[in-house]
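Here's the structure, in structure tokens; my notes come after.
The values are calculated or read from the model by the stated rules, or taken from the named source; none is laboratory data. Note that this is a predicted model, so its numbers are computed, not measured. Using ideal geometry, Cβ is built from the backbone for each residue, glycine included, and neighbour counts are taken over all protein chains shown. Heads up: the accessible areas ignore ligands, DNA and RNA and are worked out on the full protein's heavy atoms, side chains in. Shrake-Rupley method; radii C 1.70, N 1.55, O 1.52, S 1.80 Å.
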Amino acid sequence: MTKILLQIIFLTVFCVSGYSQKSEMSIAFKNKEFEKVIKLGKQLIESEPNDFDGLLGIGKAYNILNEFNNAIPYLEKAINCSEKDWQFAWSNIELMESNFAIGNLDKAKEYYNKSLEYKGTKNSTKKLKGLALLYGFDEVYENWKILETDNIIFHFQNGTSIIDKENYIKERENAFLNINTFFSSDLPKKIDFFVWKSNEEAMKVLNTSLGFSKPKYCISHNRDNQTKGHEIAHNISFWLDKANTRNRLINEGIGVYFDQTNTNRLEKAKKVIQNQKIDIKELWINGKDYPENILYPIAGAFIKCLVLNDKEKFLELCKKQSYENAELIYGTELEKIISEFNENLNK
């Protein structure tokens with residue numbers, strides 16, 4: 001009788017402990033504390049190796065942190081521990097994401113097709129549809145033309161205005177080489193470069209305007225008349241450090257400065273401000289409050305200033321782009337750089 005009682009007490013404590021860890025994991029996810037999610041998940045599966053929630057939570061968190069190779073073993077085990085449709089759906093979707101992000105495209109497509117066999121949750125279904133449209137897996141891309149170079153996979157929608165695709169491709173492959181000569185980034189896969197025939201067409205399918213990039217997946221969706229290097233630069237600069245943090249002024253400035261057009265950045269910035277007084281520190285901290293037509297040209301000119309000032313410090317800034325981090329990198333020199341730029345821009 002005593003032995004049975006001890007077993008009941010042990011099981012009760014174990015269940016309460018497991019529930020507590022899962023609750024903590026859920027809270028950590030909501031708070032975007034993904035390293036904590038991984039730590040709690042690993043503690044959970046130490047005592048219960050086949051716990052689906054723990055395995056899936058770890059895999060999801062690793063994917064969010066761009067540590068896709070680390071996610072795969074946990075997600076593969078999650079599939080083996082799945083019993084319900086929603087569990088199979090989530091596991092396959094996350095494995096599709098992990099494999100796509102590291103360039104295992106055939107395997108990613110297999111997991112995509114497999115995930116369609118299960119009835120997922122509302123959130124998993126939404127994620128599956130979004131990634132399928134982003135990755136080019138959705139049936140809407142069935143008749144697109146695919147051409148590949150050493151660094152880029154081009155996806156052309158029928159009806160684009162590009163007549164000489166060979167030259168178009170060559171220019172962008174050269175843009176990649178030129179830009180990465182500067183950054184020396186190690187991308188996990190080739191850039192998937194989608195070229196739509198019109199912004200209106202993309203809006204109907206993607207529900208967002210062109211062009212844009214999702215650098216964690218090395219993906220760009222483009223208008224057919226965009227500059228050669230803007231979106232490519234976003235992908236390359238992102239992979240200087242997979243744990244990077246973005247800032248709108250710096251990030252968009254990189255796209256503009258490295259767009260391969262070789263225009264006079266400062267003169268272009270002066271034209272758009274129309275006698276307004278601009279403070280680059282204000283744009284840096286509150287960049288989301290400014291429209292593209294103002295922020296982009298100014299950002300491009302400012303990035304040129306930073307690059308010419310000190311390449312190594314600029315590359316360090318690219319990894320963590322906040323104004324506060326710039327203060328740490330440049331020290332008292334930052335105030336002088338901004339003051340001189342503001343003076344040249346506003347005169």
Pair Glu110, Lys30: separation of 7 Å Cα→Cβ label points (nm): 3.8
Sticking with the crude label model, points 7 Å out along Cα→Cβ, report the distance from Asn174 to Val140 in nm, one decimal please. 3.3
Enter the Cα centre distance for the pair the range 268-337 and the range 209-263, rounded to the nearest angstrom. 16
Quick one: Cα centre-to-centre distance for the range 40-110 and the range 125-188, in angstrom? 27
Contact order normalised by length for the range 71-207, with contacts defined as Cα pairs under 8 Å and 6 or more residues apart; what percent is it? 21
How would you classify the range 131-196 from its alpha-carbon gyration tensor, with a ≥ b ≥ c the square roots of the eigenvalues: rounded for a/c under 1.5, else prolate if a/b is greater than b/c, otherwise oblate? oblate
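Give me the accessible area per residue for the range 170-220, probe 1.4 Å, as a whole number in Å². Before the final figure, lay out the partial values.
Numbers: 2230 Å² over 51 residues.
That works out to 44 Å² for each residue.
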Candidates Ser213, Ser91, Ser47: whichever shows maximal mean-square fluctuation once the chain is modelled as a Gaussian network with Cα springs under 10 Å: Ser47
Please identify, among Gln321, Gln226, Gln276, the residue showing maximal mean-square fluctuation in a Gaussian network model of the chain using a 10 angstrom Cα cutoff. Gln276
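Which whole-number value in Å² is the accessible area per residue of the range 257-347, probe 1.4 Å?
On the way: 5160 Å² over 91 residues.
Accessible area per residue, the range 257-347: 57 Å².
Beyond a 20 Å Cα-Cα separation, which of these cross-linked pairs lie in this structure: Lys216/Lys319; Lys42/Lys77; Lys304/Lys336; Lys214/Lys281; Lys190/Lys216? Before the final figure, lay out the partial values.
Values: Lys216/Lys319 14 Å; Lys42/Lys77 13 Å; Lys304/Lys336 16 Å; Lys214/Lys281 26 Å; Lys190/Lys216 12 Å.
Pairs exceeding 20 Å: Lys214/Lys281.
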When mean projected area of the Cα convex hull in nm² is calculated directly from the model, which label among (i) 19.7; (ii) 21.2; (iii) 16.4 fits? (ii)
Of all accessible heavy-atom area on the range 130-231, the percent that carbon and sulfur account for (1.4 Å): 43
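Within the accessible area of the range 263-347, what % is carbon and sulfur when the probe is 1.4 Å and the other protein chains stay in place?
Working: 2210 of 4820 Å².
The nonpolar share, carbon plus sulfur, comes to 46 percent.
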Would you pull out the residues with amide H under 5 Å of Asn244's amide H, same chain only if 5 or more places away, H placed 1.01 Å from N? none
Would you work out which of Tyr141, Phe176, Asn151 lies farthest towards the positive end of the dipole of the range 126-184? Charges go on Cβ: Lys and Arg +1, Asp and Glu -1. Tyr141
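Could you compute the longest span of the chain free of GluC sites (Glu not before Pro) located in DSSP loops and having at most 11 other Cβ atoms within 10 Å, not counting the site residues? Intermediate values should be presented prior to the final figure.
On the way: sites that count: Glu83, Glu117, Glu142.
The answer is 143-347.
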Lysines within cross-link reach of Lys84: Cα-Cα under 19 Å, excluding same-chain residues under 8 positions apart? Lys22, Lys60, Lys114, Lys119, Lys122, Lys126, Lys127
Charge dipole (debye, nearest 20) of the chain; +1 at Cβ of Lys and Arg, -1 at Cβ of Asp and Glu: 500
Residue by residue through the range 324-329, which ³J(HN,Hα) values in whole Hz follow from phi under the Karplus form 6.51 cos²θ - 1.76 cosθ + 1.60 (θ = phi - 60°), with glycine and proline marked x? 4, 5, 4, 4, 5, 6
Most fluctuating of Leu75, Leu116, Leu317 in the GNM of the chain (C-alpha, under 10 Å) is Leu116
